[in-house]
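Note sheet for the following structure.
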Amino acid sequence: MNQLFDLTALELARAIARGDVAQSDVIQGSADCIAVSDKLNCFTAISVSDPIAATPDSSLSGVPMAVKDNLCLAGTATTCASRMLRDFIPPYTAAAVEKLLCAGAVCMGKTNLDEFAIGSTSETSFFGPVKNPWNLEYSAGGSSGGSAAAVAAGLVWYALGSDTGGSIRHPAACCGVTGMKPTYGTVSRYGLVSYASSFDQIGPIARDAADCAAVLDIIRGHDRRDSTSLPGPYPSLSAQLTGDLRSVRIGIPDVYFDEAVDEPTRCAILSCADALRRRGATVELCRASGLEHAVHAYYVLACAQASSNLARYDGVRYGCRAEAAHDVQDLFVRSRSLGFGREVQRRILLGTYLLSDENYDTYYKKAVAVRHQVEGAFRALWHSYDLLLTPVFPGPPPKLGQKTNDPVALYQEDRYVACANLAGLPALSMPCGMRQEGLPIGVQLLGPRMSDGAVLNAAFAFQQETDFHRRHPPMFGLGGDAE
């Protein structure tokens, strides 16, 4: 079975279409690997969907995948890794998941995450932390840690995640896989449980850029059920993967390439720049003013939106219900204290504080102004550059438990990725090196709105020059095989 996991999702789909391998054997092999993956804790539920006959031109028909457990799948529990929703079974399926199933994808189950997608290490889950398949003592990143770990460990060929402030790119970097946050509004959020509605976006985590492009070609498109959905047009992303970067200008912003970035990460990114130059790109350091306070604005706005979105879970309308309440107010307090974990409660309290009458102008309105400033800073950069190259985070993934009592330190590290969500930009993380500890290093590519194809093509070009995306953790396939 491990030989099949050497194939990308696209390669496997072609092998199934040719009859080189039986789809039933692929599905069974994936299920067998998932069954012995308990030490990773990357699934909240295992529920294999019935294969659907796809259209003849479907590029991923028959390939097993997984879905982050904040995306609805009819008849299967959607818990958001929270006690609050542990018994919720939706009657409908998220638009992105529905599109993949109709294209012949086989869903193997729901993946673990930070509770309500709130976190950076996948440790706030009600079901326990996700572990990094490269080293079980380290975090798999968050909040889509289960999706990234499942792909990296060879349990599925790709998975869906959601990205509010780096939640696809951060775990992709930690686990040595490729993850893409598309332009905001290009993938329907229908069926995604909201954290911060103006930032949330669904995207793929896969082995390489070509697989990400194939998934996005299926799930992108206008959806009248999502008021933020863009009308298009949506040209094929896969068709834009030429690997040719001649005339492409790439900047490395100084604000994200400072003394906080450790030496292994710095060297890996500079080597990535060299590989992109070999493909014809011009890559240089650049001045990027106006982005310094992006992460602070992000956390003000995200917490405020989380406070609003999570208010519905009160024990009356949605979520678990506490017993022995004295009145309605007591029911709200008891139910929310019982159902929400510590980090979710922290964000709700902070968001409610920021939205109060006495703080709204001081914090919330200023954060909105900074968001506009960030958008303007990026617009200025696009006059000189087609893409930007940055770290995903400045050092190695944290060890499990290392930063759970220092949330501010974790929040600060999101400054490399949250800027893309503030401006609604497409952004991708891909592996670009290895640390001495045996952990992967990720690098981020960003582009202007609707330049998803250019971002993916730059990643594709880099992956034609290197093999980091082909490397597997020592416990690859959970069979103990070395790379």
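A short reminder: the numbers here are calculations on the coordinates, not readings from a lab. Everything quoted here is computed from the prediction, not taken from an experiment. For neighbour counting, all protein chains shown are included, and Cβ atoms are generated from backbone atoms with ideal geometry for every residue, glycine included.
What's the extension gain from R14 to S384 if we count 0.36 nm per residue and subtract their Cα-Cα distance?
Gain on stretching R14 to S384: 129.2 nm.
Would you mind computing, in nm to one decimal, how far apart the modelled labels at R287 and S197 are, each placed 7 Å from Cα along Cα→Cβ?
Modelled inter-label distance: 4.1 nm.
So for R220, R266, R278, R246, fewest C-beta neighbours within 10 Å to most, what's the order? Before the final figure, lay out the partial values.
Values: R220 26, R266 16, R278 12, R246 9.
The order, fewest Cβ neighbours first, is R246, R278, R266, R220.
Can you give me the relative contact order of the chain as a percent, contacts being Cα pairs under 8 Å and 6 or more apart?
After rounding, I find 18 percent.
Determine one quarter of the surface area of the Cα convex hull of the range 294-372, which equals its mean projected area, and express it in nm² to one decimal.
Values: hull surface 22.8 nm².
Here the figure is 5.7 nm², rounded to one decimal.
Could you work out the pair-distance distribution P(r) of the range 120-161 from its alpha-carbon pairs, with 10 angstrom bin width and percents rounded to whole numbers?
So the P(r) values, bin by bin, are 35, 56, 9.
For the range 359-384 and the range 185-212, what is the centre-to-centre distance using only Cα atoms, to the nearest Å?
23
Excluding same-chain pairs closer than 8 in sequence, count the lysine pairs in the chain whose Cα atoms lie under 29 Å apart.
Here the count comes out as 26.
Restricting to Cα pairs below 8 Å that are 6+ residues apart, what does the relative contact order work out to for the range 264-386? Please round to a whole percent.
33
Can you compute the modelled spin-label distance between A369 and A239, with each label point 7 Å from Cα toward Cβ, in nm?
Once both label points are built, they end up 4.6 nm from each other.
Quick one, can you get me the convex hull of the C-alpha atoms of the chain expressed as volume per residue in Å³?
Per-residue hull volume (Cα only) is 136 Å³.
Could you check the spin-label model distance between S247 and A31? Points 7 Å from the Cα along Cα→Cβ, value in nm.
Going by the 7 Å Cα→Cβ label model, 5.2 nm.
Of H469, H372, how do they rank once you tally other Cβ atoms within 10 Å and put the fewest first?
In order of increasing Cβ crowding within 10 Å: H372, H469.
Hey, got the dipole for the chain? About the Cα centre, +1 on K and R Cβ, -1 on D and E Cβ, debye to the nearest 20?
That gives a dipole near 640 debye.
Rank these for me by crowding, E11, E263, going from fewest to most other beta carbons within 10 Å.
E263, E11
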